[in-house]
């Protein structure tokens, strides 16, 4: 089944004039975001993530190239049409941007305040959204009385009040603790699943990408250096920056301190086994122990489930006679669902 793209970037560049010269923030961005997906854009601070996402709703205008939403060229729309677009493409931010002097219900209703809707219609819509985001009793409260997670739920409700097709999330969980982050991610997944809303998340947090995204683009100094299905990219990263991001959440990073603490003995070999077939996890450890009469001791394991597929690996000490350990390693190297790397042999 052919995917329909809701957002397209075609050769998009964005530059800003500064006191020290021209700052090229986005460089030749080509990007297609499928309708109904959760799409992640990851990169370190200064990579151009926020500028990229602001080009989607016209808050920033490309210096060259085009950004399209459905069949509309966003950077060619007049002011009136841009306002109409922003009803279809809503945005939530890291710092919530709630108005402290208004109640939660009033904050949520702000985007439709001047649309001429009768009071009961607005009230019913706000109450429905409060129920949806898990805050049914907070309509009369003020933002100061809410936790960070609750404020972000209010911001999400406000973003949904126009029934958007696309929800843009600019570092929407960066100010939240891990548990609250997970609850917000669960809510976003629910919105995507139940209402088909396309969600675009820019973040520097790998956990966010791993938890909910279908596809990913890795942004570095204004350029997309890698993109594709999240599992495909994470299981076989091609770019060094992508590998660095993956390493930030992996327990399989082997330091010299760890190697020295293991104290390999004669006949032992330290290897890393990485699964690359997300469909199956073959019981290779017990298999090589029986087949080659060796001991296989798991030192570290880190296997995640991403998009219902396994990703990760094991750090193992193989122990036995030299020929049997070598035969076991050769057997592992022949397997199609794992990659093997020898970290150290006993001296």
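Any read-out appearing in this document is the output of simple, stated calculations on the displayed coordinates, not a laboratory observation. Not measured: the values here are computed from a predicted model. Ideal geometry is used to build each Cβ from the backbone, glycine not excepted, and the neighbour counts take in all protein chains shown.
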If you stretched the chain out fully between residue 163 and residue 266, how much longer would it get, using 0.36 nm times the residue separation minus the C-alpha to C-alpha distance?
-> 30.4 nm
Go ahead and collect, in residue order, the members of the range 208-228 whose backbone nitrogen is under 20 Å from a label point 7 Å along the Cα-Cβ direction of residue 20.
-> 220-223
With 0.36 nm assigned to each residue of separation and the Cα-Cα distance removed, residue 11 to residue 102 gains 28.6 nm
May I ask you to derive the relative contact order of the chain, considering only C-alpha pairs under 8 Å and at least 6 residues apart, and to give it as an integer percent?
-> 17 percent
Is the chain rounded, prolate or oblate when judged by the Cα gyration tensor, a ≥ b ≥ c being the square roots of its eigenvalues, rounded requiring a/c under 1.5 and prolate requiring a/b larger than b/c?
-> prolate
FRET efficiency for residue 298 and residue 321 from the Cβ-Cβ distance with R0 = 25 Å, rounded to 0.05, comes out at 0.75
For residue 144 and residue 190, calculate 0.36 nm times their separation in residues minus their Cα-Cα distance, and state this gained length in nm to one decimal.
-> 13.9 nm
What value, in deg cm²/dmol to 500, does the helix sum -39500 (n - 2.57) over DSSP H runs of n ≥ 4 give at 222 nm once divided by the residues of the chain?
-> -10000 deg cm²/dmol
Just for the chain, what percent of DSSP beta bridges are antiparallel, to the closest 5?
-> 75 percent
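Based on the mean of other Cβ atoms within 10 Å per residue, sort peptides 131-137, 29-35 so the most packed one is first.
29-35, 131-137
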Once you put a point 7 Å from the Cα of residue 308 and another 7 Å from the Cα of residue 110, both along the Cβ direction, what distance in nm separates them?
-> 4.0 nm
How far is helix 148-160 tilted, in degrees, relative to the longest principal axis of the Cα atoms in the chain, given as a value from 0 to 90 rounded to the nearest 10?
-> 60 degrees
Three-way shape call for the range 256-345 based on the alpha-carbon gyration tensor, with the a/c threshold at 1.5 | oblate
By per-residue mean of other Cβ atoms within 10 Å, what is the highest-first order of 200-213, 107-120, 5-18, 167-180?
-> 200-213, 167-180, 5-18, 107-120
Length-normalised contact order of the range 260-313 in % [C-alpha pairs under 8 Å, at least 6 apart] = 40 percent
Choice from 70, 23, 239 showing the highest fluctuation, given a GNM over the chain with Cα pairs closer than 10 Å | 23
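For the peptides 149-155, 40-46, 317-323, what is the packing order when you average, over each peptide's residues, the other Cβ atoms within 10 Å and list the highest mean first?
My ranking of the peptides, most packed first, is 149-155, 40-46, 317-323.
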Using alpha-carbon coordinates, inclination of helix 119-132 to the longest axis of the chain, degrees = 10 degrees
Where labels lie 7 Å past Cα in the beta-carbon direction, separation of residue 240 and residue 95 in nm | 3.5 nm
